[in-house]
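Here's the structure we're looking at; comments come further down.
The values are calculated or read from the model by the stated rules, or taken from the named source; none is laboratory data. The structure presented is a predicted model; accordingly, all values stated were derived computationally and were not measured. Note that each Cβ is placed from the backbone with ideal geometry, even for glycine, and that neighbours are counted across all protein chains shown. Side chains included, ligands, DNA and RNA excluded: accessible areas come from the protein's heavy atoms. Shrake-Rupley method; radii C 1.70, N 1.55, O 1.52, S 1.80 Å.
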Amino acid sequence: MRIGRTLPPAATPIGIREIISGVCGIFHGQQELDRFELELKEHFGVEHCFLVSSGKAAFTLILRALKELSPDRDEVLIPAFTCYSVPSSVIRAGLRIRLCDLRLDSLDFDFAQLSAMLSEAPPPQTDARPAGGASESSVDTRDAAESSGDPIERVLAVVPTHLFGYPADVAKLRKLILDPGVTIVEDAAQAMGATIEEKKVGTLGDVSFFSLGRGKAFSVVEGGVILTNREDIAEGLDRFVGRLPRYGVLPLLNLIFKAVALMLLIHPRLFWVPRSLPFLKLGETPFETHFPILKMSSFQAGLARHWRGRLDRLRDVRKKNVNRWIAFLEASGNRGSSFLRDRSLGLLRFPLGAKDEKKREALLRESTRMGLGIMPTYPTSINAIPELRGKIEAGAFPVAESCARELVTLPTHGYLTEDDVTELGRLVARVLG
């Protein structure tokens, strides 16, 4: 166990001013929530905004609203390598998961495979090689083999994901979808504040969601935002969100406690404390379908005061550190993240490929010993999650599987110092060569 300065893998600081604003928000009540909602609508230029307790709550509610609009459709097409919250939300909504592999040179869909999946023909077998870098709904427990009908006729939604803040090509996806019954649900959970060709991420799909959880682009401890300009989707969401319970007294006190703890313990001087407590399970990626789905509290909306300026500052810092890692890779000749060469990206974590399993384990082990914040990504591709066995159609997803096996991430947050960058660079060079 390390005792001493330890970098968190990802960090979005919450200060004492934000805590005070949050407490004031409790007394302002609905007025505080209305303010935050209006600011989001104005900033993103959308007609409808909904505030809930988490990103996965937001995604679940979107899927329920879409299912109500298209009751004959029950499949959600997602990347085979993504955050576990994405498939857990699909299951929570009572729907089926369909997977598409990733491209070798990005964290985005394999569009050739996706195009076949969205046509009347069954998807082809991929020959891709492993990547070098890079209200309660009952869970549908029917075996995936029971699925029938043309692929496109079963698909309710396709979910492009801006993983770590790396932009997905939503415009290209939209050109592939010819069936008006298929909705693009933009997973912008990790990309708030990003733009693609001067268009704001979160406005590219038919409906989108952000996560405001710990370590995201902007944080209110936990929280989710839904944006849409589609009236039909908004009508369904308005009914579902309107029926949600609010935070009770004890959950609200727990939220305030988490905010104070986050303010104190996310700093590298103290992060070793929660990092050393096994019951907190920091760094683990559980697959959970039983999560709260609540309305956002006025405390969280209060924490979000002056969010636009704070978000810009956080992104500027992350961009600076992303550019440091790009420069390091270019200087060292490491091609492990060859698709990450865009110097305008404010990534939450910088992905780096380590093909050699022993070297990857050594890198993670040494980083833990030195407190340098290098972490693995998600432990498996989605098809290999044990809880989903028998619920996903069998298939090979070699690029997604290699991402889970090979990728690690370098920190990009504002606690990273020049000395940290030097030490991290030396460690990566020494272990990976």
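Taken residue by residue, region 281-300 has no member that is over 24 Å from HIS43 (Cα atoms), outside any loop (DSSP other than H, G, I, E, B) and basic (Lys, Arg).
Does at least one position in region 386-401 carry a residue that is within 27 Å of LYS319 (Cα to Cα) and in a helix (DSSP H, G or I)? Yes, region 386-401 has at least one match. For the structure I just gave you, tell me whether GLU423 is exposed (fewer than 15 other Cβ atoms within 10 Å of the Cβ) and not aromatic (Phe, Trp, Tyr). Taking the combined requirement at face value, the residue does not satisfy it.
Taken together, the residues in region 154-208 that are crowded, with 17+ Cβ neighbours inside 10 Å, over 18 Å from PRO351 (Cβ atoms) and among the polar types (S, T, N, Q) amount to 3. Quick one: is PHE287 open to solvent by less than 50 Å² (accessible area, probe 1.4 Å) and modelled with pLDDT under 95? Spelling it out, PHE287 is indeed open to solvent by less than 50 Å² (accessible area, probe 1.4 Å) and modelled with pLDDT under 95. Each residue in region 218-242 was checked for being surrounded by 15 or more Cβ atoms within 10 Å (Cβ to Cβ) and modelled with pLDDT of 95 or more, and 17 of them qualify. If you go through region 43-85, how many residues are over 20 Å from LEU33 (Cα atoms), in contact with a Phe, Trp or Tyr (Cβ under 8 Å, 6 or more places away or on another chain) and in a loop (DSSP other than H, G, I, E, B)? Final tally of qualifying residues: 5.
Assess whether ILE3 counts as being among the aliphatic types (A, V, I, L, M), open to solvent by 10 Å² or more (accessible area, probe 1.4 Å) and part of a helix (DSSP H, G or I). Taking the combined requirement at face value, the residue does not satisfy it. Could you say which residue among LEU163, LEU204 is touching a strand residue (DSSP E or B) at 6+ places or on another chain (Cβ under 7 Å) and at pLDDT 90 or above? Among LEU163, LEU204, only LEU204 is touching a strand residue (DSSP E or B) at 6+ places or on another chain (Cβ under 7 Å) and at pLDDT 90 or above.
PRO245 satisfies every condition listed in (1) modelled with pLDDT of 95 or more; (2) surrounded by 24 or more Cβ atoms within 10 Å (Cβ to Cβ); (3) part of a loop (DSSP other than H, G, I, E, B) except (2). Restricting ARG73, ARG35, ARG64 to residues that are at pLDDT 95 or above, among the basic types (Lys, Arg) and open to solvent by less than 30 Å² (accessible area, probe 1.4 Å) narrows the list to ARG64. Residues in region 94-136 that are farther than 30 Å from PHE350 by Cβ, open to solvent by 10 Å² or more (accessible area, probe 1.4 Å) and modelled with pLDDT of 95 or more: 2 in all.
Filter region 253-266 down to the residues that are touching a Phe, Trp or Tyr at 6+ places or on another chain (Cβ under 7 Å) and farther than 12 Å from GLY22 by Cβ and list them by number. Residue satisfying the conditions is LEU265 alone. Would you check if there is a residue in region 328-337 being modelled with pLDDT of 95 or more and among the hydroxyl-bearing types (Ser, Thr, Tyr)? So far as region 328-337 goes, no, none of its residues is modelled with pLDDT of 95 or more and among the hydroxyl-bearing types (Ser, Thr, Tyr).
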